[in-house]
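Below is one structure, written out as structure tokens; comments come after it.
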Amino acid sequence: GSTRIQGASNDVTLAVSFNGIIQGLNGQDQLNSPTVVTITGLTGSQTPTNSALSLQDCSGPPRWGAQCGVGLRPASSASGIWRRNVVDWNQETGTLKFTVLNDINPAGIGVDYQTSSTVYVTVRLTNRAVTQPAVTPTLQICQQDVVDVSGHALASNQVEISAGGVLEIHKVDGDANTAVVATLTLTGDSLPAGGKVVVEALETGPGWDLTGLQYGKVPYQSAFAGLEGTAMQITVYDASSEVVPLSEVGSSLTMQIENSFLRLQGGCYTDDDKTISVCVPGYSGLYEYSEASEKWVLLSGADFASRSAASFSTRLSGSGLFAVMTIAPCYDYEGQGKAGGDRVCAIDPESSSDPSTPALLGGGTMSKMPSVS
């Protein structure tokens with residue numbers, strides 16, 4: 001899509017590649033074997049249902065030239081004229097449907113050689129007025145099998161701010177329940193003159209908004225734990241669209257915690273009879289990703305008190321990527337360790353790189369291993 005701004009017009013480009021020969025209209029403007037493309041799952045748009053929604057752009061194999069080779073059947077049997085450059089749109093199901101009207105012959109198939117077999121259509125849809133993560137559409141071509149489209153679309157998870165104030169980031173789940181996942185507070189004089197702050201609610205699930213490097217640098221045995229799987233990207237721009245720091249201290253970001261992750265992060269102990277399991281909660285903390293060091297830097301939390309925290313806050317001085325994570329404690333059982341005894345942990349995590357740091361192995365736990373210090 002062209003934008004993630006809530007309520008904005010979003011130009012969504014969809015690419016469909018064909019592996020077999022597609023026969024378009026013949027000399028009598030007839031389709032002997034119509035090929036109908038149906039794309040579903042583009043839910044959450046504010047664009048109302050339209051049986052003939054105009055495309056913003058349309059292109060295909062080189063032999064198409066400037067002509068749009070997709071469209072819809074004639075509006076009536078009397079007209080007999082196929083309608084090009086339009087699609088059938090259903091808002092409720094998020095479905096786009098169109099028919100291929102021009103020939104497609106993939107490279108290397110048959111005598112009529114073409115260098116491309118991909119069709120591109122761009123449709124303008126209005127983003128949802130509240131936060132929505134990108135959706136994953138599915139593609140069906142005529143009577144062929146349904147396959148997943150690689151990628152996501154139609155996100156409305158971005159807001160632009162040009163004045164001070166308090167912004168609450170809400171997420172709506174599949175059951176239409178709304179939750180506040182983050183709160184941004186900007187002091188009135190913190191924005192650069194003529195500038196803006198772009199606030200983006202990102203998804204922390206695999207394959208969504210974070211890069212592979214950002215996933216790979218998550219601390220050992222830690223997991224993302226923002227409410228509704230949320231991370232926050234804050235970017236400050238000046239009047240010339242350059243990224244700049246905030247000009248005044250006092251702005252802050254608060255992120256909510258997903259407690260269901262926290263309760264199990266410390267691991268579980270099951271007795272020999274397998275009649276009871278006791279799970280130890282982990283710690284949680286607010287992190288910022290450092291592009292310079294390529295690692296997540298702890299801002300607050302990650303201590304015993306964090307087990308009962310509902311949110312974390314940090315002061316903002318400029319742009320950054322922020323996320324809540326749960327951290328597996330170092331065998332935290334009655335303040336020393338938990339049942340297990342199969343890993344040596346430093347008492348002070350901050351000095352764990354010091355080879356002389358005292359460590360515990362099985363001490364104060366239900367382990368059969370001896371206590372070592």
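Here is a yes/no grid of residues against (1) modelled with pLDDT under 85; (2) of a type in the set (A, V, I, L, M):
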{"position": "A309", "(1), (2)": "no, yes"}
{"position": "G335", "(1), (2)": "yes, no"}
{"position": "A339", "(1), (2)": "yes, yes"}
{"position": "C345", "(1), (2)": "yes, no"}
{"position": "P355", "(1), (2)": "yes, no"}
{"position": "M369", "(1), (2)": "yes, yes"}
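For the stretch 322-333, taking the residues that are modelled with pLDDT under 85 and of a type in the set (F, W, Y), the one that is surrounded by the fewest Cβ atoms within 10 Å (Cβ to Cβ) is identified as Y333.
Scan the stretch 55-85 for residues that are more than 17 Å from I39 (Cα to Cα), open to solvent by less than 70 Å² (accessible area, probe 1.4 Å) and of a type in the set (A, V, I, L, M, F, W, C) and the total you get is 3. Considered as a group, the residues in the stretch 301-321 that are hydrophobic (A, V, I, L, M, F, W, C), assigned to a loop (DSSP other than H, G, I, E, B) and closer than 15 Å to I257 by Cα include one that is most open to solvent (accessible area, probe 1.4 Å), and that residue is A310. Just for the stretch 134-147: of the residues that are modelled with pLDDT of 80 or more and part of a loop (DSSP other than H, G, I, E, B), which one is farthest from the chain's Cα centre (by Cα)? Looking at residues that are modelled with pLDDT of 80 or more and part of a loop (DSSP other than H, G, I, E, B), I get P137.
Cβ contacts < 7 Å: first residue on the phi > 0 side of the Ramachandran plot and among the acidic types (D, E), restricted to the stretch 282-311; second residue open to solvent by 70 Å² or more (accessible area, probe 1.4 Å) and in a loop (DSSP other than H, G, I, E, B), any location; separation 6+ or different chain. Result? Partner pairs satisfying both residue conditions: E294/K217. Of all the criteria given as (1) farther than 26 Å from N105 by Cβ; (2) touching a strand residue (DSSP E or B) at 6+ places or on another chain (Cβ under 9 Å); (3) open to solvent by 40 Å² or more (accessible area, probe 1.4 Å), the one not satisfied by A52 is (3). Within the set D11, D88, the sole residue that is modelled with pLDDT of 90 or more and surrounded by fewer than 16 Cβ atoms within 10 Å (Cβ to Cβ) turns out to be D11. Comparison of S116, S150 shows that the only residue that is open to solvent by less than 40 Å² (accessible area, probe 1.4 Å) and either modelled with pLDDT of 90 or more or part of a loop (DSSP other than H, G, I, E, B) (or both) is S116. Suppose the filter is touching a residue at least 12 places away in the same chain (Cβ under 8 Å) and within 30 Å of N157 (Cα to Cα); does N85 pass it? Yes, satisfied.
Scanning the stretch 14-34 for residues that are under 15 Å from L96 (Cβ atoms) and either at pLDDT below 90 or surrounded by fewer than 15 Cβ atoms within 10 Å (Cβ to Cβ) (or both) gives A15, V16.
The values are calculated or read from the model by the stated rules, or taken from the named source; none is laboratory data. Model, not experiment: these values are computed from the prediction. When we count neighbours, we look across all protein chains shown, and the Cβ atoms used for this are built from the backbone with ideal geometry, even at glycine. Just the protein is used for accessible areas: all its heavy atoms, side chains included, with ligands, DNA and RNA removed. Shrake-Rupley method; radii C 1.70, N 1.55, O 1.52, S 1.80 Å.
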